[in-house]
Amino acid sequence: MAHDNNPNTAGFEFTAGDFERVRKLIYARAGIKLNDSKQNMVYSRLTRRIRSLGLTSFGAYLDRLEREGGAEWQEFVNALTTNLTAFYREQHHFPMLAELVRQGGPSPAIWCSAASTGEEPYSIAMTVADNLPRGGKARIVATDIDTNVLATARRGVYPDEAVRPVPPDQLRRHFLRGNGPNGGLVRARPALAQMVDFRPLNLLDPNWDVKGPFDAIFCRNVLIYFDKPTQKRVLERMAEQLRPGGLLFIGHSENLTDRRDLYKLRGKTAYERVGADVRAAA
Ligand SMILES: C[S@@+](CC[C@H](N)C(=O)[O-])C[C@H]1O[C@@H](n2cnc3c(N)ncnc32)[C@H](O)[C@@H]1O
């Protein structure tokens with residue numbers, strides 16, 4: 001399949017068999033299901049890797065990946081994730097988080113499990129900071145499988161357009177405005193940045209390097225990339241990480257219909273952990 005007329009990216013043969021191989025490999029590594037419509041995306045994203053390694057075909061790249069693997073596995077995963085996100089995306093979740101923080105104990109624990117470039121965990125951190133009782137200290141862990149987006153998230157630097165959904169007074173409290181060569185950019189103030197612990201975590205891994213129980217888990221707009229059995233397993237394992245009464249937030253096109261024994265609907269795409277132990281319920 002020759003897709004590309006751009007002289008900088010054209011020229012690699014990409015067969016149906018190559019696409020099938022990519023599909024199997026990313027599914028096994030990250031649980032991500034790529035449907036047929038993703039062929040162009042796969043082509044353009046992996047072409048960059050193939051070129052940077054000085055290889056000349058998809059076949060050679062995939063052979064090398066399977067033979068030598070190593071750090072290239074992370075590059076392969078990073079290339080194939082979709083990281084679209086925004087500050088205060090699905091805004092309706094944040095008043096619920098604010099309420100939970102106001103009503104809860106002095107040290108709420110929150111896990112943001114598909115943190116992408118940081119807009120979601122910093123939205124969480126600002127909400128927590130502005131609602132935490134005096135003397136309280138929160139623990140916010142933000143994870144993602146993609147190490148490139150985590151590096152962007154740790155930097156905490158965003159263009160002005162990205163922070164438009166943040167109310168101006170909150171933006172002033174939590175971000176510094178750049179000037180000179182940094183004009184048009186804002187940076188998370190150290191106090192905000194220090195609230196969030198960013199680390200890599202693959203939701204497919206049998207062991208999750210996070211320490212619950214959490215008062216809230218954000219698992220938004222990542223389940224859509226998984227098939228049903230994977231979604232179910234992730235949601236069951238998240239129940240083990242949530243304290244009873246804790247909240248689970250999922251994305252707008254996701255649903256949680258078949259584990260009503262674990263989660264009770266509390267609002268639009270927001271669920272409360274019910275029951276005692278997931279292992280007993282499963
Ligand atoms: C579309 S973004 C959603 C970001 C954010 N949660 C939001 O709702 O705006 C999906 C994120 O899920 C991450 N992701 C995909 N597969 C994953 C996996 N197996 N484990 C952890 N994160 C994964 C991607 O790297 C990407 O950053």
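Here, each number is a calculation from the coordinates, and none is a lab measurement. Owing to the predicted nature of the structure, the values given are computational and were not obtained by experimental measurement. So basically every Cβ, Gly included, is an ideal-geometry build from the backbone, and we count neighbours across all protein chains shown.
Summarising the overall dimensions of the chain from its C-alpha atoms, the Rg and Dmax are 20.5, 61 angstrom. Taking the helices alone, the chain has a mean residue ellipticity at 222 nm of -11500 deg cm²/dmol, built from -39,500 (n - 2.57) per DSSP H run of at least 4 residues and averaged over all its residues. Normalising the Debye intensity of the range 16-80 to I(0), with uniform scatterers on Cα atoms only, and taking log10 at q = 0.17, 0.23 Å⁻¹ returns -0.52, -1.01. If the chain linking ASN255 and THR15 were pulled fully straight, counting 0.36 nm for each residue of separation and taking away their Cα-Cα distance, it would gain 82.9 nm.
Taking 0.36 nm per residue of separation and subtracting the Cα-Cα distance, full extension of the segment from ARG67 to ARG29 would add 12.2 nm. Projected over all directions and averaged, the alpha-carbon convex hull of the range 1-122 occupies 10.2 nm². Using only Cα atoms, locate the centre of the range 115-192 and the centre of the range 221-276, then give the distance between them in Å, rounded to an integer. Between the Cα centres of the range 115-192 and the range 221-276 lies a distance of 26 Å.
When the convex hull of the C-alpha atoms of the range 134-177 is computed, what volume per residue in Å³ does it have? Looking at the range 134-177, the number lands at 114 Å³ per residue.
Using every pair of distinct Cα positions in the range 164-266, the Kirkwood expression returns a hydrodynamic radius of 16.5 angstrom.
Each of GLU161 and ARG173 was given a label point 7 Å from its Cα along the Cα-to-Cβ line. The distance between the two points is 2.8 nm.
Size of the range 88-216 from its Cα atoms: along the principal axes, largest to smallest, the extents are 45, 34, 26 Å. Length available on full extension from THR82 to GLU240: 0.36 nm per residue minus the Cα-Cα distance, which gives 54.2 nm. Remark on ARG139: its backbone amide H falls under 5 Å from those of ALA109, ILE110, a criterion applied only to residues 5 or more positions apart or on other chains, H modelled at 1.01 Å from N.
Excluding residues on the same chain fewer than 8 positions from LYS33, give the lysines whose Cα lies under 18 Å from its Cα. Cα-Cα hits under 18 Å: LYS24, LYS228, LYS232.
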